[in-house]
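A quick write-up on the structure given underneath.
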């Protein structure tokens with residue numbers, strides 16, 4: 001078996017607003033870059049105006065599975081790096097009919113992918129809404145602050161359009177001084193959480209900011225680290241921490257929603273039987289985040305039940321719980 005060691009990885013001092021949301025919603029810590037790579041959080045990326053570091057991944061498959069989101073759509077193609085606008089331009093300029101047909105096929109694939117991505121982003125927005133609200137409240141009430149680089153125009157769209165045309169001055173974010181964002185700005189702010197951009201009003205003036213950063217130490221006070229739990233086996237060998245059990249770590253990501261805590265479910269249903277809180281009408285019952293209990297009853301008792309029959313089935317479950325040291329009826 002290959003030896004696996006745990007390597008320390010420091011948490012970043014500052015992170016983008018997008019990373020703050022990833023931490024609040026998906027428990028993804030903003031980490032320092034490895035291998036002595038320059039941390040471009042302060043100045044942004046050279047790949048685009050006021051663009052974030054390219055090292056920040058979108059929501060991963062594992063993160064989606066953990067919170068019950070469908071996987072983020074992926075389009076794998078030789079042309080997947082091109083937008084529909086660029087593909088349309090290449091089609092217009094292409095002289096070879098064979099190549100033109102290839103580009104047309106890619107264009108329709110890009111169109112279909114964009115449709116699926118838009119649908120997925122809607123679901124992502126619904127899931128992250130509560131976390132965006134909490135972050136915004138913390139910024140408004142000064143529980144932590146943010147800094148940004150002022151865009152050349154009062155709106156994000158106008159600024160990006162202007163910078164597309166210019167070759168000097170605001171064409172690169174590093175030429176703009178970073179400044180604290182006033183707390184009153186967030187009361188009117190429209191935020192692009194994905195790219196850490198925002199526009200709003202402060203002291204009666206409309207303004208827009210890019211490359212918005214927050215202090216990670218302050219962020220962790222508002223959204224603290226969860227309580228740790230044992231995960232695999234670890235032993236110390238010299239200066240290294242070595243994994244001695246990799247069963248959990250080697251397990252592949254699970255598709256769909258995370259597994260439900262059926263022991264807790266059984267106990268809760270047993271309490272409801274005891275207290276007479278089960279519905280008397282013939283209807284399905286729901287528990288927790290929307291799982292229908294009939295599927296588990298079918299597993300436990302070999303047949304489907306609903307309504308009044310559920311009570312008898314649950315009494316069988318309660319008996320099992322009682323026999324295993326739980327509640328007895």
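Among the conditions (1) surrounded by 14 or more Cβ atoms within 10 Å (Cβ to Cβ); (2) under 30 Å from residue 180 (Cβ atoms); (3) touching a helix residue (DSSP H, G or I) at 6+ places or on another chain (Cβ under 9 Å), residue 147 misses just one, which is (3). Is it fair to say residue 122 is within 23 Å of the chain's Cα centre (by Cα) and closer than 30 Å to residue 201 by Cβ? Against the criterion (within 23 Å of the chain's Cα centre (by Cα) and closer than 30 Å to residue 201 by Cβ), residue 122 qualifies.
Exactly one residue among 99, 149, 85 is at pLDDT 90 or above and assigned to a helix (DSSP H, G or I), and that residue is 99.
The rows are residues; the columns are (1) assigned to a strand (DSSP E or B); (2) in the same structural domain as residue 71 (by TED's automatic domain parsing); (3) modelled with pLDDT under 95.
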residue: 186; (1), (2), (3): no, yes, no
residue: 195; (1), (2), (3): no, yes, yes
residue: 199; (1), (2), (3): yes, yes, no
residue: 206; (1), (2), (3): yes, yes, no
residue: 210; (1), (2), (3): yes, yes, yes
residue: 227; (1), (2), (3): no, no, yes
residue: 230; (1), (2), (3): no, no, yes
residue: 241; (1), (2), (3): yes, no, yes
residue: 244; (1), (2), (3): yes, no, yes
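Taking (1) at pLDDT 90 or above; (2) outside any helix (DSSP H, G or I) in turn, residue 109 satisfies each apart from (2). Pick from segment 47-66 the residues that are surrounded by 16 or more Cβ atoms within 10 Å (Cβ to Cβ) and under 16 Å from the mean Cα position of the chain (by Cα): which of them is farthest from residue 176 (Cα to Cα)? Residue satisfying both the conditions and the ranking: 65.
Within segment 76-114, being under 25 Å from the mean Cα position of the chain (by Cα) and surrounded by fewer than 15 Cβ atoms within 10 Å (Cβ to Cβ) holds for 76, 77, 80, 81, 83, 111, 112, 114. Examine segment 126-139 for a residue that is in contact with a helix residue (DSSP H, G or I) (Cβ under 6 Å, 6 or more places away or on another chain), in contact (Cβ under 8 Å) with a residue 12 or more places away in the chain and either not in a helix (DSSP H, G or I) or not assigned by TED's automatic domain parsing to the domain that holds residue 211 (or both), and state whether such a residue exists. No: zero hits.
The values are calculated or read from the model by the stated rules, or taken from the named source; none is laboratory data. Please read these numbers as outputs of a predicted model, since none were measured by experiment. All Cβ positions, glycine included, derive from the backbone under ideal geometry; neighbour counts span all protein chains shown.
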